[in-house]
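For reference, the structure discussed in these notes is given below.
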């Protein structure tokens, strides 16, 4: 089924959700005709869809998209780029660093990699080109920036992956009869912070190194009001994202607050008219509708796959490998990497992760670690030239004349940095920030002495006597 979807996407260019539904129905009809499963299974589709769409996290999806559209359609993106370019002017690498800065702010709010590429192709690429950055390096920055939302919390990708991992961890815990605490979205956010910071630091270093020979043009003047606006907007966006990542705000609250603040700023600066607002709302609803259609299609797809016993087959395959955890992880993550060459981040989360993640968590019950490995694998697959999803989308959206060889040279340092972070996380899971010791392997503790037990008992009895008085 996955192969059929991939071939259909490449051959037809039709919307992904339509192809996923079509492939699901075709295989379902074949399965019913062959007696592989009962047709009454489809009676479960409405209840699955209702349960899915009742998820509170999905309320944040259109709000995040609206924030990204507001920044893109108003003058705020220009202001942020000019201010960042002026701030980095003394480094001699202003264009590339300013481009990366703009990508870091925009990518987490754009949703999928495809949406991020579309937005950055309109906002970042023309500005880098006008600033005199070489073609292949401009395109490489668009590719890298479009994937930052995969690992930088609290992007939509991490929000939805956190929910998918919660379901997968629950299923795996039932299989192994474990009473460990189930991973949640905040656990995934926190686990992703250290790897995201490492990769972002490496990206800054690479962008600075690549920008050392850029033919810098004269920067536009950044007025004092523009500088104040840029600093306030950047600080506000970072504060909202940090509040969600650290658990002080819900994703819906932060997205609604950010959308209102950006709308008020656009009205105050007279960059938001009735016509432009209507266009922004249409774009927001179009992107949101496409994502919800994809979510519904993926639910039908996974139901048919489970009807064929794909999840049980995967579990049996991994179990047949014995206790070789590294081999199981390599096989499972390799399958995720292969699928990510043709599927976007949301398609991966909705279609592939629900099938692969439970089997992986049975073999390696460290859910935050597995979540981060999946994120890093996805990002690496999106960036691998010349067939990575982000690379193909960026070349298509920008129409860039950059040669394949030149783009490969520009992207290789970023891919190497990504793989280095992946290797560090894979072999040193202890570097991850964890919320609860229940999500990490238990450390044997020495038994308490009799004296310590009597002391604790006396303290408890003393507390009871004080409460009675």
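Taken together, the residues in the range 274-327 that are assigned to a loop (DSSP other than H, G, I, E, B) and at pLDDT 85 or above amount to 1. Within the range 192-223, the set of residues being surrounded by fewer than 13 Cβ atoms within 10 Å (Cβ to Cβ), closer than 18 Å to residue 139 by Cα and modelled with pLDDT of 70 or more comprises 205, 209.
Residues in the range 154-177 that are part of a loop (DSSP other than H, G, I, E, B), touching a helix residue (DSSP H, G or I) at 6+ places or on another chain (Cβ under 8 Å) and more than 14 Å from residue 349 (Cβ to Cβ): 154 only. Pairs linking a residue in the range 234-249 that is at negative phi and surrounded by fewer than 17 Cβ atoms within 10 Å (Cβ to Cβ) to a residue that is at pLDDT 80 or above and in a helix (DSSP H, G or I), with Cβ atoms under 7 Å and 6 or more positions apart or on different chains, are 236/261. Being surrounded by fewer than 22 Cβ atoms within 10 Å (Cβ to Cβ) and under 19 Å from residue 253 (Cβ atoms) holds for only one residue in 58, 70, and it is 58. Screening residue 334 on (1) touching a helix residue (DSSP H, G or I) at 6+ places or on another chain (Cβ under 6 Å); (2) without any contact (Cβ under 8 Å) to a residue 60 or more places away in the chain shows it passes everything except condition (1). If the condition is being under 13 Å from residue 307 (Cβ atoms) and without any contact (Cβ under 8 Å) to a residue 60 or more places away in the chain, then the range 26-41 contributes 29, 30, 32, 34, 35, 38, 39, 40.
Of the residues making up the range 16-41, those that are in a helix (DSSP H, G or I), surrounded by 13 or more Cβ atoms within 10 Å (Cβ to Cβ) and in contact with a helix residue (DSSP H, G or I) (Cβ under 7 Å, 6 or more places away or on another chain) are 16, 17, 19, 20, 21, 23, 24, 27, 28, 31, 32, 41. Scanning the range 130-155 for residues that are over 18 Å from the mean Cα position of the chain (by Cα), buried (at least 24 other Cβ atoms within 10 Å of the Cβ) and within 16 Å of residue 384 (Cβ to Cβ) gives 139, 140. Restricting to the range 1-15, name every residue that is assigned to a helix (DSSP H, G or I), at pLDDT 80 or above and either within 24 Å of the chain's Cα centre (by Cα) or surrounded by 15 or more Cβ atoms within 10 Å (Cβ to Cβ) (or both). The answer is 2, 3, 4, 5, 8. From the set of residues in the range 69-92 that are over 20 Å from residue 231 (Cβ atoms) and touching a helix residue (DSSP H, G or I) at 6+ places or on another chain (Cβ under 6 Å), which is modelled with the lowest pLDDT? Residue satisfying both the conditions and the ranking: 73. Sub-8 Å Cβ pairs linking a first residue in the range 396-422 that is over 13 Å from residue 138 (Cβ atoms) to a second residue that is surrounded by fewer than 16 Cβ atoms within 10 Å (Cβ to Cβ), at least 6 apart or interchain, are 404/386; 408/386; 413/209, ordered by first then second residue.
Residues in the range 353-364 include at least one that is touching a helix residue (DSSP H, G or I) at 6+ places or on another chain (Cβ under 9 Å), closer than 30 Å to residue 121 by Cβ, at pLDDT 85 or above and assigned to a helix (DSSP H, G or I). Can you confirm whether the range 339-346 contains a residue that is on the phi < 0 side of the Ramachandran plot, assigned to a helix (DSSP H, G or I) and surrounded by fewer than 18 Cβ atoms within 10 Å (Cβ to Cβ)? No, that holds for no residue. Given the condition assigned to a helix (DSSP H, G or I) and either closer than 30 Å to residue 353 by Cα or modelled with pLDDT of 85 or more (or both), answer yes or no: does some residue in the range 122-133 qualify? No, the range 122-133 contains no residue that is assigned to a helix (DSSP H, G or I) and either closer than 30 Å to residue 353 by Cα or modelled with pLDDT of 85 or more (or both). Of everything in the range 402-456 that is within 22 Å of the chain's Cα centre (by Cα) and in a loop (DSSP other than H, G, I, E, B), the residue that is modelled with the lowest pLDDT is 435.
Looking at 124, 57, 102, 128, just one residue is in contact with a helix residue (DSSP H, G or I) (Cβ under 6 Å, 6 or more places away or on another chain) and farther than 22 Å from residue 410 by Cα, and that residue is 57. Would you point out the residue of the range 43-101, among those that are without any contact (Cβ under 8 Å) to a residue 40 or more places away in the chain and not in a helix (DSSP H, G or I), that is nearest to residue 166 (Cα to Cα)? Per the stated criteria, the residue is 54.
The values are calculated or read from the model by the stated rules, or taken from the named source; none is laboratory data. Since we're looking at a predicted model, the values are computed, not measured. Methodologically, a virtual Cβ is constructed for each residue, glycine included, from the backbone with ideal geometry; neighbour enumeration extends over all protein chains shown.
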